[in-house]
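The values are calculated or read from the model by the stated rules, or taken from the named source; none is laboratory data. Computed from a predicted structure; not experimentally measured. No Cβ is skipped: glycine too gets one built from the backbone with ideal geometry, and neighbour counts run over all protein chains shown.
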Ligand code: GLN
């Protein structure tokens, strides 16, 4: 920016949560970035938790891990995918973080004897955090979780109001939902009007309204929203359902939204900057073949919708890799407990082109997952194990290929052969209930062994992947596992920690201790997922359906 100032775009939501506000925010970031600006995004979550790490994924979706080890909201993953940018943990602000810092400052006598109050000190800390992230950026988008009118959002809105009053360049963007009740078949704007009124009560007037609905908002309703919400009619932007979320930046661009935002800040707009992203969307549209992927996990009483959110990055990584190979994935959730009840159900896995066991915690459903992994190994079904999915592949191999009866991860309790275990230094922390410090979080380097499948897929000797786990392959068992053909194709630089596990003579059998799904981007699918989908597509050729020779 010529004046060196960051422009703030504050994105709030109205009517209902779960609207796709994260995608809308990320899409605005995407179109502004395409204009050549330095852009990033912050998510505000109004809960008291310091971070998302202590919440189960059925609460707010998956826990997205940043490179610097932050356990953040799933929207951070959406931002990384739409901006092709690694963001830090500082981009997810929670009420808990803000209050903790203010109380720490009070204890440290940093307030010089003054009375510390909710107003102004809490909004001031919010502003301080936003401005720290905004350093060096042209635009900082700030997405506020939940909806306006939620009691817990008030102090954040107060921070923005004060920033606006003091002259920070800001545009307020309010995302509303326009329902189409089945009995009427007509799009209704009244809930949107009420939500803008709630926003007005906090002293904030939206500059733009994004009208989220199953269909594009028509002219008549734009007029209504404009009059009743006191927003220019050309500042009401349609946000209809699209076949893929990645189309949203183009939907915005076509409505002149990019130009209108830049005009608001008196900045020039350049035509024709969306070509690279149009290429991404074209690749998606052109994918014709189908690839059937099963994800085996412990899924009970959750419902498909929550499941999708709990494994959002895994699903996106599968899509990115499939699209690039001309295929549309059909993803099926498979409850591992089914296999515990009736092992003959394992044969149903043969209907899939590839199977994934993703990350997970605890002992429930573990035996079913191990059964599924064994079936994939023995029947030559392409298998990708992510974190827990790698650990359980090692357990399965120890039991069934190395004859270590009762081998297990100690996450399920004591085991005669603890092939997956906590390392001694972690055990001490766990005994002291110091759980916060026992996870390996964020970027870790692995050194890959030449000549392995993993080395070939990455095409590199060293890789950095993000981690989130407590248990490790027990180094004491490595010689026995290797003697029976297990290949640890990547290890930590000190060689103590096993990062990748693979088997020879199988169409594709790879496990990783990391979460590669977190690094997959639509224009840069992750190499492990590319290799997995390639093997899955190859399985569709009858000749490829060979059962591997016994290891
Ligand atoms: N529960 C396993 C551990 O803590 C795996 C974690 C994961 O899959 N993210 O090590």
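Is there a residue in region 97-104 that is surrounded by 14 or more Cβ atoms within 10 Å (Cβ to Cβ), more than 23 Å from residue 443 (Cβ to Cβ), in contact with a strand residue (DSSP E or B) (Cβ under 8 Å, 6 or more places away or on another chain) and touching a residue at least 24 places away in the same chain (Cβ under 8 Å)? Checking region 97-104: not a single residue is surrounded by 14 or more Cβ atoms within 10 Å (Cβ to Cβ), more than 23 Å from residue 443 (Cβ to Cβ), in contact with a strand residue (DSSP E or B) (Cβ under 8 Å, 6 or more places away or on another chain) and touching a residue at least 24 places away in the same chain (Cβ under 8 Å). Checking the stated criteria, residue 442 turns out to be in contact (Cβ under 8 Å) with a residue 24 or more places away in the chain, within 16 Å of the ligand (Cβ to nearest atom), in contact with a helix residue (DSSP H, G or I) (Cβ under 9 Å, 6 or more places away or on another chain) and at positive phi.
Is it the case, given these coordinates, that residue 338 is modelled with pLDDT of 95 or more, over 19 Å from the mean Cα position of the chain (by Cα), surrounded by fewer than 20 Cβ atoms within 10 Å (Cβ to Cβ) and assigned to a helix (DSSP H, G or I)? Judged against the criteria, residue 338 is not a match.
Only one of the numbered conditions (1) more than 13 Å from residue 449 (Cβ to Cβ); (2) within 16 Å of the ligand (Cβ to nearest atom); (3) crowded, with 22+ Cβ neighbours inside 10 Å is not met by residue 481, and that is (2). Of the residues that make up region 392-403, is at least one farther than 25 Å from residue 295 by Cβ and either in contact with a strand residue (DSSP E or B) (Cβ under 6 Å, 6 or more places away or on another chain) or within 16 Å of the ligand (Cβ to nearest atom) (or both)? No, that holds for no residue.
Looking at 84, 75, just one residue is touching a residue at least 12 places away in the same chain (Cβ under 8 Å) and buried (at least 24 other Cβ atoms within 10 Å of the Cβ), and that residue is 75. Within region 374-389, being away from the ligand (no atom under 16 Å from the Cβ) and surrounded by fewer than 24 Cβ atoms within 10 Å (Cβ to Cβ) holds for 374, 375, 377, 378, 379, 380. Note on region 453-472: residues that are within 16 Å of the ligand (Cβ to nearest atom) and over 23 Å from residue 66 (Cα atoms) total 0.
Looking only at region 15-61, residues that are closer than 24 Å to residue 246 by Cβ, assigned to a loop (DSSP other than H, G, I, E, B) and either touching a strand residue (DSSP E or B) at 6+ places or on another chain (Cβ under 7 Å) or at pLDDT below 90 (or both) come to 7 in all. Residue 196 meets each of the listed conditions (1) crowded, with 20+ Cβ neighbours inside 10 Å; (2) more than 21 Å from residue 181 (Cα to Cα); (3) in contact with a helix residue (DSSP H, G or I) (Cβ under 6 Å, 6 or more places away or on another chain) apart from (2). Report yes if residue 424 is surrounded by fewer than 24 Cβ atoms within 10 Å (Cβ to Cβ) and within 16 Å of the ligand (Cβ to nearest atom), otherwise no. So residue 424 passes the test. Before we move on, is residue 499 part of a strand (DSSP E or B), out of contact with any strand residue (DSSP E or B) (no Cβ under 6 Å at 6 or more places or on another chain) and surrounded by 20 or more Cβ atoms within 10 Å (Cβ to Cβ)? Taking the combined requirement at face value, the residue does not satisfy it.
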